[in-house]
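This report refers to the structure that appears directly beneath it.
No lab work stands behind these numbers, since they all come straight from the coordinates. A quick note: this is a predicted structure, and the numbers were derived from the prediction, not measured. No Cβ is skipped: glycine too gets one built from the backbone with ideal geometry, and neighbour counts run over all protein chains shown.
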Amino acid sequence: MEDNRVFNFSAGPSMLPLQVLRRAGAEITNYRGSGMSVMEMSHRSKVFDEIFQGAKEKLRRALKVPQEYEILLLQGGASTQFSAVPLNLISATGRADYAITGNFANIAFQEAKKYGAVRAACSSADKGHTYIPRQEELDLDPQASYFYYCANNTIYGTEWHYVPETGAVPLVCDMSSDILSTPVDVSKYGLILAGAQKNMAPAGLTVVILRRDLAGHELPITPLMLSYQRMIDKDSMYNTPPCWCIYILGLVLDWVEEQGGVEAMEANRRKRAELLYETIDGSRLFTAPARADSRSYMNVAFRTASDELDAKFVAESVEAGFTNLKGHRLSGGMRASIYNAMPMEGVERLADFIRRFDRAN
Ligand SMILES: *Cc1c(COP(=O)(O)O)cnc(C)c1O
């Protein structure tokens, strides 16, 4: 790869397209004749307003976000939304359903319990979060204010390959690790949230897409900064937004568009993931713990039968020029995070490396 860059399989923050980094580098001291860096601009300036509105418009275009939905560009990470979601939405009935399919879904669930009567509509904890429950396994409360799930379980390498059917109950979805990797029918959702650092931009930006009628009903205790209605009224600029990250988001969205949009991202992610799963399935040593119908296209979790061999694999992978293949401490084993910006070449080289290791051990 150019510039001595490594194939970085980090779960997040993760690789950004080289073209985006180059462009940001070229513009870093003087953004398009403004005489200053985007990092130095007033967020109220005309030049920044164009960057800001441009990023929002490009995101609306990329995900075909309907007009009755607001796009908020916030700070605090996906984790802050674990509190903001119940604070803003649970007042409808005081109840909410959560699908517990991994670590982040469970954190969101535990947090929401502070604000209402929250129930687990399903849990995959019985099998170490290696699968996504099927529609008929969901125990749905028709009185829930919303149904919450996490589209892609970054740590365990599982992904929902269907959109849950919840009738009139609005869907709330954490798409931190698969947003912009696949087309989404936004009209099926009440709210989508995503930290930017997996597939969109540097850490520090959180995207919330919500149906406008769901805002304005927050609990009276809702902190100033967590009110969706206030952020809608102020176009995400109640205070200083994460200006630099928003600028990079715009560049990433330009790149996604040039590549052929989210449809092209979907085709690419399938190619990347299928090559790795085929390689793992065809090996003697490696297995992917996720159930076949629940495998993630973004985070490929795999392991050998022994912790020592896993450690050897990780150590040798670093020597071979890969980074961040060690699995999360909760799941163990290995994990290759292959977001939009991971070139196919990186995945081909990793597949070769897996085959060589399989033969040699
Ligand atoms: C990384 C991640 C989070 C946590 O995001 P922060 O921005 O660090 O709060 C939450 N949910 C999912 C699915 C993630 O991948």
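Table: residues versus (1) surrounded by 13 or more Cβ atoms within 10 Å (Cβ to Cβ); (2) over 20 Å from Ser337 (Cβ atoms).
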position	(1), (2)
Asn8	yes, no
Leu16	yes, no
Arg22	yes, yes
Ala26	no, yes
Arg32	no, yes
Lys46	no, yes
Ala55	yes, yes
Leu59	yes, yes
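Checked against (1) assigned to a loop (DSSP other than H, G, I, E, B); (2) within 16 Å of the ligand (Cβ to nearest atom); (3) within 22 Å of Gln81 (Cβ to Cβ), His161 passes all but condition (3). Just the residues that are within 25 Å of Ala264 (Cα to Cα) and either crowded, with 20+ Cβ neighbours inside 10 Å or touching a helix residue (DSSP H, G or I) at 6+ places or on another chain (Cβ under 6 Å) (or both), please, taken from segment 342-361. Within segment 342-361, Met342, Gly346, Val347, Leu350, Ala351 qualify.
Quick one: is Leu59 among the hydrophobic types (A, V, I, L, M, F, W, C), more than 16 Å from the ligand (Cβ to nearest atom) and in contact with a Pro (Cβ under 8 Å, 6 or more places away or on another chain)? Break it down stepwise before answering.
Numbers: among the hydrophobic types (A, V, I, L, M, F, W, C): yes; more than 16 Å from the ligand (Cβ to nearest atom): yes; in contact with a Pro (Cβ under 8 Å, 6 or more places away or on another chain): no.
Answer is no for this residue.
Whenever a residue of segment 69-88 is of a type in the set (D, E, K, R), its partners that are crowded, with 24+ Cβ neighbours inside 10 Å, lying with C-beta atoms within less than 7 angstrom and at least six residues away or across chains, give the pairs Glu70/Leu210. Only one of the numbered conditions (1) buried (at least 20 other Cβ atoms within 10 Å of the Cβ); (2) away from the ligand (no atom under 16 Å from the Cβ); (3) among the basic types (Lys, Arg) is not met by Lys198, and that is (2). Residue pairs whose Cβ atoms lie under 6 Å apart, separated by 6 or more positions or on different chains, with the first residue in segment 347-361 and of a type in the set (Asp, Glu) and the second assigned to a loop (DSSP other than H, G, I, E, B), are Asp358/Ser283; Asp358/Arg284; Asp358/Leu285.
Just for segment 65-100: of the residues that are under 25 Å from Tyr162 (Cβ atoms) and near the ligand (Cβ under 10 Å from one of its atoms), which one is surrounded by the most Cβ atoms within 10 Å (Cβ to Cβ)? So the residue we want is Gln81. The lone criterion from (1) over 13 Å from the mean Cα position of the chain (by Cα); (2) within 16 Å of the ligand (Cβ to nearest atom); (3) under 18 Å from Leu87 (Cα atoms) left unmet by Lys113 is number (2).
Taking into account only those residues within segment 164-186 that are away from the ligand (no atom under 11 Å from the Cβ) and touching a strand residue (DSSP E or B) at 6+ places or on another chain (Cβ under 8 Å), which is nearest to Ala288 (Cα to Cα)? If you could, list the steps in order and put the result at the bottom.
Just the residues of segment 164-186 that are away from the ligand (no atom under 11 Å from the Cβ), to begin with: 164-172, 180-186.
Then drop every residue that is not touching a strand residue (DSSP E or B) at 6+ places or on another chain (Cβ under 8 Å), which leaves 164, 166, 169-172, 184, 186.
Values: Pro164: 25, Thr166: 30, Val169: 34, Pro170: 33, Leu171: 29, Val172: 28, Val184: 26, Val186: 31 Å.
Selected residue: Pro164.
From the residues in segment 148-158 that are assigned to a loop (DSSP other than H, G, I, E, B), in contact (Cβ under 8 Å) with a residue 40 or more places away in the chain and of a type outside the set (Phe, Trp, Tyr), which one is farthest from the ligand (Cβ to nearest atom)?
If we take residues in segment 148-158 being assigned to a loop (DSSP other than H, G, I, E, B), in contact (Cβ under 8 Å) with a residue 40 or more places away in the chain and of a type outside the set (Phe, Trp, Tyr), then Gly157 is farthest from the ligand (Cβ to nearest atom).
Would you tally the residues in segment 264-310 being under 26 Å from Val163 (Cβ atoms) and in contact (Cβ under 8 Å) with a residue 24 or more places away in the chain?
Residues of segment 264-310 that are under 26 Å from Val163 (Cβ atoms), as a first pass: 264-274, 276-277, 288-301.
This time we only want the ones that are in contact (Cβ under 8 Å) with a residue 24 or more places away in the chain, so: 265-266, 268-273, 276, 288-291, 293-301.
Here the count works out to 22.
If you go through segment 167-180 and pick out every residue that is over 13 Å from the mean Cα position of the chain (by Cα), in a loop (DSSP other than H, G, I, E, B) and without any contact (Cβ under 8 Å) to a residue 40 or more places away in the chain, you end up with 2.
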